[in-house]
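Below you'll find the structure, written out as structure tokens, and then a few comments.
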Ligand SMILES: C[S@@+](CC[C@H](N)C(=O)[O-])C[C@H]1O[C@@H](n2cnc3c(N)ncnc32)[C@H](O)[C@@H]1O
């Protein structure tokens, strides 16, 4: 994916700031990797033990280039990137509990709901949940889904200049509660 220059620098700054909250040595999951640009940033800046990248890399009516060859080139440089071609459900059994989840796939309301709940089934305790395109003007459905899931706790959701968001999740009294992540938490 070719990002325009100004947008690219904002995107890099936002992701770099987000990575400042990620402890080293995590097991992470990225849902939606395309050509591997964000995966590349994550492994360079955050230092994962493993980053599972799930994407079907399928052609769509509006996109001919799936980005898969670009992703493969990135993955070849970083052995900690684990390519998972398909959908999250295909990998439930083969993935370990996750410290970090980053969602950048479908940006509609229902799909965002589903991906957040599906991925939280794999979350370690505690876990950092993040996503891209928390942008009311461009992706109102995604924002509505995030705001509904974290209603009453939006003060714990950190937003970044590239429209990424980040929130901490931990168990509480048989359910889950959110917390505001701190810079460079200690890995558990
Ligand atoms: C916006 S792009 C990802 C960009 C990438 N994170 C980056 O910043 O370099 C969206 C990607 O999500 C993938 N995708 C769409 N629905 C998905 C799903 N349910 N699970 C996994 N990936 C999905 C698409 O194939 C596409 O490659």
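The values are calculated or read from the model by the stated rules, or taken from the named source; none is laboratory data. This one's a predicted model, so the numbers in the text were calculated from it and none came from an experiment. Note: ideal-geometry Cβ built from the backbone for every residue, glycine included; neighbour counts use all protein chains shown.
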Of the residues that sit in the range 48-64 and are touching a residue at least 24 places away in the same chain (Cβ under 8 Å) and either loosely packed, with under 15 Cβ neighbours inside 10 Å or farther than 25 Å from residue 14 by Cβ (or both), which one is farthest from the ligand (Cβ to nearest atom)?
49
Please specify each residue of the range 154-176 satisfying the condition of being modelled with pLDDT under 95 and touching a strand residue (DSSP E or B) at 6+ places or on another chain (Cβ under 8 Å).
171, 176
Unique match (being away from the ligand (no atom under 11 Å from the Cβ), out of contact with any strand residue (DSSP E or B) (no Cβ under 8 Å at 6 or more places or on another chain) and farther than 17 Å from residue 133 by Cβ) among 45, 22, 98
45
Take the conditions closer than 21 Å to residue 67 by Cβ, under 12 Å from the mean Cα position of the chain (by Cα) and surrounded by 13 or more Cβ atoms within 10 Å (Cβ to Cβ) and apply them to residue 29. Does it pass?
yes
Can you name the residue in the range 3-13 that is within 11 Å of the ligand (Cβ to nearest atom) and either in contact (Cβ under 8 Å) with a residue 12 or more places away in the chain or not in a helix (DSSP H, G or I) (or both) and, of all such residues, is farthest from residue 181 (Cα to Cα)?
3
When you scan the range 121-153, how many residues do you find that are within 15 Å of the ligand (Cβ to nearest atom), assigned to a helix (DSSP H, G or I) and either free of Cβ contacts under 8 Å to residues at least 24 places away in the same chain or in contact with a strand residue (DSSP E or B) (Cβ under 9 Å, 6 or more places away or on another chain) (or both)?
1
If you scan the range 87-115, which residues turn out to be surrounded by fewer than 21 Cβ atoms within 10 Å (Cβ to Cβ) and not in a loop (DSSP other than H, G, I, E, B)?
89, 90, 91, 92, 93, 94, 109, 110, 111, 113, 114
Pick from 31, 103, 81: which is away from the ligand (no atom under 11 Å from the Cβ) and touching a strand residue (DSSP E or B) at 6+ places or on another chain (Cβ under 7 Å)?
81
(1) within 14 Å of the ligand (Cβ to nearest atom); (2) more than 17 Å from residue 179 (Cα to Cα) all hold for residue 160 apart from (2)
Which members of the range 73-86 meet the condition of being assigned to a loop (DSSP other than H, G, I, E, B) and surrounded by fewer than 15 Cβ atoms within 10 Å (Cβ to Cβ)?
79, 86
Check residue 176 against each of (1) in contact with a helix residue (DSSP H, G or I) (Cβ under 8 Å, 6 or more places away or on another chain); (2) in contact (Cβ under 8 Å) with a residue 40 or more places away in the chain; (3) under 22 Å from residue 39 (Cβ atoms); (4) part of a strand (DSSP E or B) and name the one condition it does not meet.
(3)
